[in-house]
Structures are given as C-alpha cells and as structure tokens.
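A short write-up of the structure that comes next.
The values are calculated or read from the model by the stated rules, or taken from the named source; none is laboratory data. In this text, all values refer to a predicted model and were calculated from it rather than measured experimentally. Cβ placement follows ideal geometry from the backbone for every residue including glycine, while neighbour counts extend to all protein chains displayed.
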Amino acid sequence: MLLLGKLTAAATAVALIWTGAAAAEARGLSATIRYTEYGIPHVVATDYRRLGFGQGYAAATDNACSLAQTMLTTSGTRSRYLGADANPGSGLSRARTNLASDLYFQGINDTGVVERLAARRDRMGPSPEVREAVAGYAAGVSERLTKITDPACAGAAWLRPMTEIDVYRHMYALGMVFGLGSAADGIAVQDPELSIGSNAIALGSERTANGRGLSLANPHLPWNTPDLRLWQSHLTIPGRLDVAGAGIVGVPFLWLGHNSTMAWSGTAADTTKTFTLFALDLVPGSPTKYLVDGKAEDMVRRDVTVTVQDGTTVTKPRWWSRYGPVVTAANGRDLPWTAETAYSLADANAENLRFANSMERLSRAGDTASAFRALEETQGLPWMNIFITDSRGKARYSQLHTVPNVTDERAARCNTELGKQMWAADGLAVLDGSRGDCAWGRDGDAVQPGVFGPSELPSLRRDDFLENSNDSYWLTNPAQPVTGFSRIFGTTGTERTARTRGALTELAKGAKHTRQSVQDLMFSNHDFVADLAVDDTVRLCRTMSADLAEACEALSTWDRDHDVDSRGALLFDRFWAKVRTTAGSAAWKVPFNAADPIGTPNTLNTDLPAIGQALTAAVGELRAAGIPLNAPLGDNQYVVRNGERIPINGGTAGLGVFNSIRGPWDPARGYTEMQHGATYLHVVSFDGDGCPDAATLLAYSQSSDSTSAHFSDQTKLYSKEQWVTERFCERDVLASPELTVVEVRQHS
C-alpha cells in the first residue's frame, strides 16, 4: 500500500506540472523533482526558467558547498574568506594559492568580458533558452542555499545567493581551463599530469547486435574539485525537451547524455592547442610598447586588486597587448620579459560563452545528423571531441570545438624560431606579433572570428565504431585514418598511447556489441602493457637475485587485471612507472611503426639494464612502504568516505587500462586516496521503442555532502563494478521503489 501511495502521488504531481499548475506558477518559479534510486533527480517543468530552477535547486541539495566554493573562486574572493596562501582546490585554473586564483579571476571580472558576452543577442551570446535556464538555475540554487545543512560550509560567512553572472562566469572559466586558466600564476601550461582525460565510444549499425547505435561515456576528471564536479539529472519540458545524463554542477543543461533517440559522449581534445603565443617586438627603451607593422602600440596596464583575510588589499599589475595578457611561462618553458621581447597568450575561448547554447540544442536533436547541425550552428564546445550515435545506427565523431585558426602554412610563415621548435614538439605556435598578417585567420563558416570553422575541423562518419582515449584524431577508426589537418590539432603517423591501443585492439575484434558487452569492456580493467611485457619481465626476474623470487611469483600468477582483488597489479604498476621514466621508448625492441600503429611498439628489451633496475627499485619501494608484493590492489587503491575505506578498481593510463584512475604515490605509504579518474559513466543502447536501454554510474556519487545518503552509495557500486539501471521513460520512473516526489517553489 505504501508503494501504491507513492506511485499515485507521483502520477498526480506529474499531471499537475504537465497541465501548467497556473495557480502555483503565479506565486513564483516552481518545478517537480522526482527522485529515484541513488538520489537521481528527474526534473519536470513547464518552461526553461522553471526547469533551470528545478535543476539548480536539486544540484544545490546535493552539492551546496561545491556551488558556494565555485562562486568564491570565480568572484575572486577566496583570499578574503579562506586566506591568501591556501590552495584553492579548483579545476578552473592551475593557481597554487588563493591569492593567485583571485588575481586571475578578478582580472577577468575587471574587464567585464563575461557581462559583455552575456548581453549579446546574436549568435555570440546566450540563446533565449539558455538565458531563461540560467536565470532559473541561479534562483533555484539561491532558494536551496537558504536551507543548507552540509557541515562543510553551513553557517560560513561566505555563503550568499547565486546570481546569473555567477553562472556565466563559471561557464566562461570552463572554456579556458587549457589556456589562460593554465597560466593563472605563471606555472607551465598544459601540465600532462593534470590534464583532463576520457574515453568515448560510438558504435554504429555494423557493430551492434540489433543494428542500432550504442554509446559509451567515460570522462576522467579530478574527484575533489568542486567546479569540475559532474552530477546526474533528467530534465523534461513536456513536448519540448526530454534528456538525461550528467553536467557540471553550477551550469544548466548536460555535458554528456542522451534523449529518446540519440546519445553523445566526448573526450578532452588533449592533443589540440586552444591557444597560441605571440612574440612581441618591444620598442627600444620602452618595455611596455610593442611594434605591429612598424607602428608602436602601448600595452594596457590593468591593476588588479584583491582583498585578503585581514581586510588589507593586494594590488598587482597585469599587462595586455592586442593579442592577450603578457605571460612569462608556457608549456614548461620560461618566457622572460626582456628589453627586446615579451610574450602574449591568446586564448580562443576568451570570446566563447556559447557552451550552454550547444548543450541545449544538442539535447533536443533527434538523430546524429541533426545533432551535428546543432553543434555546427552554435559552435560552443570549448575543447571537446564529440561522439554521437542514434537509434538508426548512425555514428559520427568530430573535433567540433574552438581552435585558433593557425594553418600549417600560417605557422610556417609566422612562427618565430621558438615557435618552430614548439610547433614541431606539441603544436603550440609562437607567432610573430610584429606582423599584422600573422594574426589568426578567419573562416567564413566560423561564428567567432579567428577560429576554424566546422568545415575545417577533423570529422569522421562510420557504421562500425569510433573511439578516442585522448590521442589525436588520426586513428579514431584505424580502418580509415584521418589526415590533412593543421599540426595545432595533433599529430598523425605517431605512436599512440597504451590506452588507445588497448581500446582499439578490443574494438577491432569485430564483435557485435550489446549494452552488457560494452559495460563488460568498461570494467574489464585489463592491463594492455602487461600483455606485451609481463612474460618477458618474469623471465628476466628469474635470472636476477634470489631476493626477487617473491616478485617473480607475484607477477607470474597475476591475472593481468586491475580489479580490487588482483594480486601483482600494484607491483607491475610501480615497475612500469619506473620503466617509462628511465627507459622511455628504448624499453621496446620493436619500435613504433606507422604501418602497424596498434601493434607497435612491442617486445620488452630485457637486455637494457634499466629494465632490471626498474624491477629492483619497484620491489624495494613496496617493501619500504610495508606493502606485500602480492597485496590485493584494493588494499592500496581506495577512497575514504566518512571513515570507511572503499577499494577502487582500475589502473593508471600509462598501462593502457581503459578504466583509468590514479592517486598520488607516497614512498612511505604507497598510494594514497584516489584523486583522478572515472566520473560519470553511461552505456546507452536503443531498441526502437523510444525508451533507451541505459546503464549509468557516477563513480564519486551524487552528493559532496558527507551527511547525505548519496555521498558514497554509487562509489560502493563502482568498487564492485556494478551499474545503475537508468529510469528514463515515464513508466520506469513511476515504477521506482524509491520514488520520492518533491514540489519546489521560489520563496526568496
């Protein structure tokens, strides 16, 4: 009877919201939130403003302190409340202190760029739907923040209502994570150990058992950064929008997900540069004047002022050229500001506030073709490879995001000597800022001046499979290599990462996949490098010191997986970390061959002294930390939630483990708590009835509130390699045994 009562209440609530509930709406914003298992909210509203209100309210219910922390960050006020020297813990910049973070964000805010872009009514500004959703989202978060109970921030002096500009600032900052945000306090841009990673697969009709599309999403992000936290929701405006998936907490709409006939996933385009440098030729005797086509221009000085905790202020000057701010480091290189030269960083996303435009349009697309039309018209993705498939079995990939328009021809003509080196090494252009004809080019189909238009971006359609694990576009499908694009997008004909090789090896087997088989692939946790190297390692081990006998046994009996109960995985992990550092490509007897990019390199070079030395060092490291050589992986790879240690499966990306996860290694204790890896997972298949067959998982769970029932429930599922059966269609939502209906209304 209790269950029947729940279902009746839910059906009544839905009927009310679908027919308008005009009396309630007259009193202010309202929405219906229906919660199913694991605290996943299904938000139903009559328009975008009310939908945003419901989504914001539900997001703040789970992650109030994360949202409040993000507002502190983007408003440049962390030092005032939390101290200038503390680490900001933000994913939006690489600033190492609150003061550096505040100076970066306050510097952006002082320019008024976010307000200027948000006010635009053309394609460069937010669409009408986004404006409505943002307004509602801010109101929903503000409404819920008045009831905050999370002990991490309840009663804090820095709690305040959310405004629309807070949402837009967060959205804007997300776009520059790989550009200006990386140089926030002068540290090196694009630190590979901090890069955002992911896996994505789109299967077409030839590779699915039922001939329809199948999507895998597996973004890898930091687990403890509030402003990059993913959170699940299901958003419905009857007759207009019905979409489920995950988005960044603090921004309306969804980053990854599906509707009834189309699904999408994506990866960070790690190999592509979303910024360039410009070398400034300074006027002799005037270090803040530079020449362009023989004429002197003044740099603009912008003094940025930040209030710190004792009430005093700190003011620092920032200098800007026509290209962007002057920086003194990039890509691990110092760029000293001398009497002759300075360097400006130009970020292609510095004029991009269109991310939500793309997400909203994508959510309403009915198939792969219309989805790409929506993305090509909005052009709001900042740094994301996109993989889309649909119920008809059509699959497509594109690197349809914002990239500086620097062709190989322009780079050859305009790169400085430093630029030639960096262009060859990693696609970063250092253009001659003294020549006006060296500014970024312009494409006729680009919404934003200075970036590549959709017709000039890597793209591929296939009926079998498309895959990316953060390598370049070249081998999205090895049967049809993609070539002919500017070096700024990445390389072709070069060695692929172990994670890419492992994934493509599996997909090339030609299996007809189902939802379950893709779920099994996701959690296979198999070590690709081990298949290439562990047998040779064991043979070498048995010729070495008798002191290594235990290590030889551990490696020889290891299942070559990274499950929580796998014994030997940790030893191989530490061994291979040292091989990569000390031996590099010399570790292999057979080098990379572009004619066999998945099969090479191979065959461990056990004649190389560094290989045996790496094994000895790894054994010594584990023994020094008091860790048995055959310890179960989960004993040393874990997270702690409310004092409970939860073992975590998966392995480091360098081993080719598809389920990538990592934490810091402490020589005295071993691995400490995991900090980066799998976050939101989905496997979405279609059967033609409008109700996708989908399984999802949010590895770190829905809520960052330690008192919530949903603080660690999905994390425990992740530990056991279990999934949540998604409830998308109405009948499935109403059938949830844990269905709870909440009517939310605006009072504040």
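Quick notes on this one:
- Whenever a residue of the range 718-731 is at negative phi, its partners that are assigned to a loop (DSSP other than H, G, I, E, B), lying with C-beta atoms within less than 6 angstrom and at least six residues away or across chains, give the pairs Tyr718/Ala699; Arg727/Ser736; Phe728/Pro692; Cys729/Cys691.
- Condition check for Gly450: surrounded by fewer than 22 Cβ atoms within 10 Å (Cβ to Cβ) and either touching a residue at least 12 places away in the same chain (Cβ under 8 Å) or hydrophobic (A, V, I, L, M, F, W, C) (or both): yes
- Residue that is over 17 Å from Phe53 (Cα atoms) and touching a Phe, Trp or Tyr at 6+ places or on another chain (Cβ under 6 Å), where the choices are Ala156, Ala118, Ala152: Ala118
- Being on the phi < 0 side of the Ramachandran plot and under 17 Å from the mean Cα position of the chain (by Cα) holds for only one residue in Pro238, Pro226, and it is Pro226.
- Looking only at the range 465-490, and only at residues there that are in a loop (DSSP other than H, G, I, E, B), in contact (Cβ under 8 Å) with a residue 60 or more places away in the chain and more than 21 Å from the chain's Cα centre (by Cα), the one that is surrounded by the most Cβ atoms within 10 Å (Cβ to Cβ): Ser486
- Among strands (runs of 3 or more DSSP E) entirely within the range 362-433, having at least 2 residues that are β-branched (Val, Ile, Thr) and surrounded by fewer than 21 Cβ atoms within 10 Å (Cβ to Cβ) singles out no element at all.
- Residue satisfying all of: in the range 542-588; among the aliphatic types (A, V, I, L, M) and part of a loop (DSSP other than H, G, I, E, B); farthest from the chain's Cα centre (by Cα) among these: Met544
- Positions within the range 196-223 being hydroxyl-bearing (Ser, Thr, Tyr) and either surrounded by 23 or more Cβ atoms within 10 Å (Cβ to Cβ) or within 21 Å of the chain's Cα centre (by Cα) (or both), in sequence order: Ser198, Thr208, Ser215
- If you go through the range 469-502 and keep only what is more than 25 Å from Ala411 (Cα to Cα) and in contact with a helix residue (DSSP H, G or I) (Cβ under 8 Å, 6 or more places away or on another chain), you end up with Ser469, Pro478, Thr497, Ala498, Arg499, Thr500, Arg501, Gly502.
- Where a residue in the range 408-425 is over 18 Å from Phe485 (Cβ atoms) and its partner, wherever it lies, is in a helix (DSSP H, G or I) and among the aliphatic types (A, V, I, L, M), with Cβ under 9 Å and at least six apart: Gly419/Ala411; Lys420/Ala411; Lys420/Ala412
- Yes/no for Gly599 being exposed (fewer than 14 other Cβ atoms within 10 Å of the Cβ), in the same structural domain as Leu548 (by TED's automatic domain parsing), in a helix (DSSP H, G or I) and not charged (D, E, K, R): no
- Selection within the range 676-702 - under 20 Å from Asp563 (Cβ atoms) and not in a strand (DSSP E or B): Thr679, Ala699, Tyr700
- Conditions (1) loosely packed, with under 14 Cβ neighbours inside 10 Å; (2) assigned to a strand (DSSP E or B); (3) of a type outside the set (Gly, Ala, Ser): number failed by Thr338: (2)
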